[in-house]
There are 2 protein chains.
Amino acid sequence: MAVAGGSTMAADPGTRRGGRRRQREAGAAGPAQPPWRRLRRHFEPVRAVSDDELEAIHQASMRVLAETGMDFLHPRARALWADAGADVDGDRVRLDPALVGSLVEQAPSRFTLHSRNPAHDVEIGGDAVVFSPVASAPYVGDVAGGRREGNQRDFENLVRLSQVLNAVHLHAGYPVEPTDIHASVRHLHATRSLLKLTDKVPHAYSLGQQRNLDCLEMVRIARQVDDATLDREPSIHTVINASSPLRLDEPMLEGVLQYSARNQVVILTPFTLAGAMAPVTVAGALVQQNAEALAGIAFTQLVRPGAPVVYGGFTSNVDMRSGSPAFGTPEFMKAALVGGQLARRAGVPYRSSNVCAANAVDSQSGYESVFSLWGAIMGGANVVFHGAGWLEGGLRASYEKMVIDADVLQMVAAFLEPLVVDDAALTVDAIAEVGPGGHFFGVQHTQDRFRHAFFAPMVSDWRNFESWEEAGSPTALDHSARLVGELLAAYETPPMEPEVAAELDDFVERRVAEGGVPTDF
Amino acid sequence: MAVAGGSTMAADPGTRRGGRRRQREAGAAGPAQPPWRRLRRHFEPVRAVSDDELEAIHQASMRVLAETGMDFLHPRARALWADAGADVDGDRVRLDPALVGSLVEQAPSRFTLHSRNPAHDVEIGGDAVVFSPVASAPYVGDVAGGRREGNQRDFENLVRLSQVLNAVHLHAGYPVEPTDIHASVRHLHATRSLLKLTDKVPHAYSLGQQRNLDCLEMVRIARQVDDATLDREPSIHTVINASSPLRLDEPMLEGVLQYSARNQVVILTPFTLAGAMAPVTVAGALVQQNAEALAGIAFTQLVRPGAPVVYGGFTSNVDMRSGSPAFGTPEFMKAALVGGQLARRAGVPYRSSNVCAANAVDSQSGYESVFSLWGAIMGGANVVFHGAGWLEGGLRASYEKMVIDADVLQMVAAFLEPLVVDDAALTVDAIAEVGPGGHFFGVQHTQDRFRHAFFAPMVSDWRNFESWEEAGSPTALDHSARLVGELLAAYETPPMEPEVAAELDDFVERRVAEGGVPTDF
C-alpha cells in the first residue's frame, strides 16, 4: 500500500529506500541534540492550595458525583455501575464517595508503557516525566507552505519529526489529522505509519469498537507478542475526554471498556474550560475536573481492577472578550498545580500539557508555552501532552514550533537533571588556583569539562549582535524553519524486521479491503 | 534646566506642560492594565539541592573566604576588616567563617524601601516580590528606530514607560545609559529625571563618593525629609557587583561605605558567569557567588550593623562556543533556585533577574525570559531585576520587550495571587444548576463574575485565526510596538509640589555649575 507510506523517506513519501543497511549508510547525523533519555523530577511538586483547601475541592467533587451525578452514554457502562451498586437513573449515574474511593484506590500509581523498541519503553508515574508531541490538530503549517488542512503527507512528516526529535518520548495521537485519508480506513493507515515510521509508544483514538480492536491488533503485531503478553504489558494508550460538563459519551466509554479490559493505558482528561464547559472560578472548574476525572478513573477500575490510568488535567479559561479558549494563562498554571495535588491524592499518575493560544510562532507562543510548562512541571506532571508543535489553541500543528518546543523541552529536561554537588563540582581548589581577578577558562578544571558543561541549544541564537546581524538577523522562527529541513533529512526509519512489516501490511490491506469501519460518527 | 526635562511630556521632551491640573485633564487612560499592587508568594520556594548539599556549598564558600580570601580594593574597607580581626595581607582579606556568620546575622530579613509617593513604598524580603525594569543597557531599540546608542531622550521615555506600567514596582538603574549627557553631570540629570518623571523608588549607581552624596541629597529633597529620617527610612538602593572572581573594587566599596552608613539598601550581586569569571560547574559557581555575596553582606554590617542588604544571585553560564553569556538557561534556573536557598540560609532578602540572550523580540526572547522568571519566582526571589525590557544579554533596552515583559510580569503577579477556595468559588450549586451537557455562560454564577474572572492581557492575541488574519496577522511584537505609543501617550508626570521641584532643580543647577564630578573613571 503506497498510500500510508510505511517505509518511505523523510519529506518525500514517494521515494522508497533500500532496506535497513542502506538507510544507516544514508542517515545524516542532523543537528546536535541531547539524547533520548528518561527524565525524573528531583524536587517536590509545588502546592498551590493547602491540604484543607485540597480536601474542600475533593469533597465538593464528591458531592457533585453523589448529588448531580454524571451521564454515562453507554448501556454497558451503566449496567456495570448498576451491578456495582451505583444509583443509575436513565443516562445519569450518581456515585457514592465510598464507591468512587474504593475503585480509584485500585488504580496503580505507576506502570511501564512498552514500545516495539524496548529502548523507548517509558515509565508513567512516580517522579518520571515524559513528553509527547502535539496531537489532533485539524490544521498544519510551516513557513514555506503556510496554513493548510491536515493531510497525510504532513501527518507523516510530523511523525518523522517526532521520531528524530529526542525530546519526544512517546506519541499522543496524530500530530495533525490526515483528513485526506477516508475516515473509514484512516486509523489503519495512520496507526501503521505511527508503528513503522517511529519506534516510540503509539496512541490510539477511541472511536468505536472495531477501530479499537484494529489498533490493539496492530500494536500486538508490531511488538510481536501474543495477546496474553499484551495484556500484561501496556503498549498503547488512549485519551478519554469527558464531554464536560459531567458526561462521558459512547465512543469514549467504549474506549475504556476495551482498552482498560486489555490492561492498556487510559488518559482520563476532562475538558474543563472555566467560563464555558466549567464554572467561571478556577476552584469550581477544578471541582468539576476532579469529579469527571475520578468518575472516569473509577470506571476503568470497574472494567478491570488495576488497569493503568492517568489523571488528566486540562483546566484553562476562556477569553471572556472573544469566547476563545486561552492557554498558558495564570489560571492554567494554578489549575495545573492543583491538578497535580488532586492526582497525587488519587494516587495515580498525572497528565498536563504544553499549550498556547498564539496564532504565530512569536514571543507570545514562547512565553505562553513556557508558562504552561512551568505549571505542568512544578505541578508534578508525569505526562506532558502537546509538548512540541502546538499552536493556535491546538487547531494548528506547526513544524517550526515543534522544533522550538523540542529545544524548550530539552531545556526542561536539563533543568530536571539534579545539580551535581561533590568535591569536584564544588571545586574550592580551582577557585583558589584562579584567585581574585583571574579567569577560569584556562584552568584544567574548565578544560576538562567545558565541552559538555552546559545545555547546548539547537534553536537559541547566542551570538553577539554584530555576528548575528551579519548572519542576516535570524529569529528563532528562521532557525527552526532551517532545522525542520535538516532534521527531516537526518530522519531514519527505525528498524523493523521485514516479516513484521509484511504482517502489518497484510493486516492493513485486509482490513482496508474489508472497507475498514463504516463511518458511523 | 531643559536638558534633564523634569516636567516634559511623554515622547516629546520639548513640549512643556501646564502643571498638575492640566496634566490630569490631558491624561489618557491608556491600555487597560491590572493596578500597581504589592505581591506575595503564597507557596514554599522550591529546593533544588538537599539541606546537606546546601551546607556543602556554604561550607565550601567559607573555605574560599578563609583560605583564598577576597581582594578589597579600598584602604578604608581593609582597615575596617583589620579592626574586626580579619587577616589582611595587601589587598587580600581572609575571613574566618565565625566572623562572617556573626556579621551576616545582623542583617535584617526584611525592610521597607520608601518612595516619595508612599503609595509606592515596597517591602523587601519575606514573601514579598517586587519587579524592576531593565537597567544599565548601553544600547536601546524599538521597531521604528532600530538599535542605537543609549541617549537621554530614550532614557527618559523608558523611565516614563516604567512609570506608566503598573507591573513595575521600583527602578533598578537607568533603563538605558544616557551617554549624550556628560559623565561628570549625568548622575545629576538622570537622577532628577528618575525622581521627577516617576514616583517609584529610585536606584543610584555607586560611582564614587561625590556622586553618592549627590544622589542621597536628591532623594532627601524629593522625599522632603531630614537626614535623620532618611537614615531611618531606606529610600534608595544601589547594586554592588563583585568584580568576580573574589574582588570588590574601589567605587563599589565606596558605595557600601556610604549607602550602608546611611542605612540605604545595598543589593550585593556577584557576577559569576560559570566558565568565565566562575568555575565551569554550577555548584562551583554557586560556591564562589556565595563567598562573594556573604563577604560583601558581612562588610555592609561592618559599616553599619542592621543596614538593609539583599543577596543578589546572577549566576549563569557562558556559551562555550562563542564565549557570550547565556541567560534563561537550565543552568541559570538551577542556580536561581539554589541562590534562594543560600539567601534564606543567610537570612536576607534575595534578588534574581528576568534575563535572556536573544537578539530579537522573538520566540527565544519569550521562552528565555519566562525560564528566568520560573527560576527566580520558584527560587523565592524577593526582588526581580531587569523584569521588563532586557534584550541581548542586557546590552539593549527594548521598548517593545518592556511592554511584553510587563504583560508577562502581570501574568506572574496573577499566578502569585492565591486561589480562592470558598463555597462560592467551589460552586457545587452552579455545577448542579448546569448539569451534564449544559453550558456555564448563561448562569448567574458566571454572569456575576465573568468580567473580572480572568487575567486580561495587553499584548497576547487570543482571537481565532480568521479574525487575527483579517486584522493583518499581528505578532506580539506588532502589538507591543503599538502599545508603546499608547502607553507613552497615557503617561502622566506624577505630582510634585512646585517648591520641591524647584529645590531639586536648584540643587542640580548648582552642582552642574560646579562641574559635577571630575570624570575620574
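FYI, it's all coordinate maths here, none of it is from the lab. A quick note: this is a predicted structure, and the numbers were derived from the prediction, not measured. Virtual Cβ from ideal backbone geometry, glycine too; neighbours counted across all protein chains shown.
Some values worked out for this structure:
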| item | result |
| --- | --- |
| Chain A residue with Cβ closest to the axis mapping A onto B, distance in whole Å | A:366, 1 |
| Helix runs (DSSP H) in chain A reaching 15 Å along axis by Cα, Kyte-Doolittle at least -0.5 | A:183-197, A:282-303, A:330-346, A:363-378, A:399-416, A:476-490, A:498-513 |
| Copy-to-copy label separations for residue B:438, where each label sits 7 Å from Cα toward Cβ, in nm and ascending | 7.3 |
| Per-peptide average of other Cβ atoms within 10 Å, ordering A:410-420, A:508-518, B:126-136, B:436-446 highest first | B:126-136, A:410-420, B:436-446, A:508-518 |
| Label point at residue B:321 placed 7 Å out along Cα→Cβ; residues across the range A:422-464 whose backbone nitrogen lies under 19 Å | A:449-464 |
| Inter-label distance, nm, simple model (7 Å from Cα along the C-beta direction), residue A:420/residue B:217 | 5.6 nm |
| Across the identical copies, how the residue B:495 labels are spaced - nm, sorted shortest first, 7 Å along Cα→Cβ | 8.0 |
| Quotient of C-alpha Rg and 2.2 N^0.38 Å, computed over the range A:28-104 | 1.83 |
| Size of the range B:145-233 as Cα extents on the principal axes (Å, biggest first) | 47, 32, 16 |
| Compactness relative to 2.2 N^0.38 Å, alpha carbon Rg of the range A:188-336 | 1.15 |
| Shortest-first distances to equivalent copies, position residue B:98, nm, label 7 Å out along Cβ | 6.5 |
| Between the range B:316-345 and the range B:405-477, the alpha-carbon center distance in angstrom | 34 Å |
| Computed over the protein assembly as shown, Kirkwood Rh from alpha-carbon pairs, angstrom | 30.1 Å |
| Rg [Å, one decimal], Dmax [Å, integer] - chain A, C-alpha atoms | 23.7, 80 |
| The range B:407-466 shape via C-alpha gyration tensor axes, a/c threshold 1.5 | oblate |
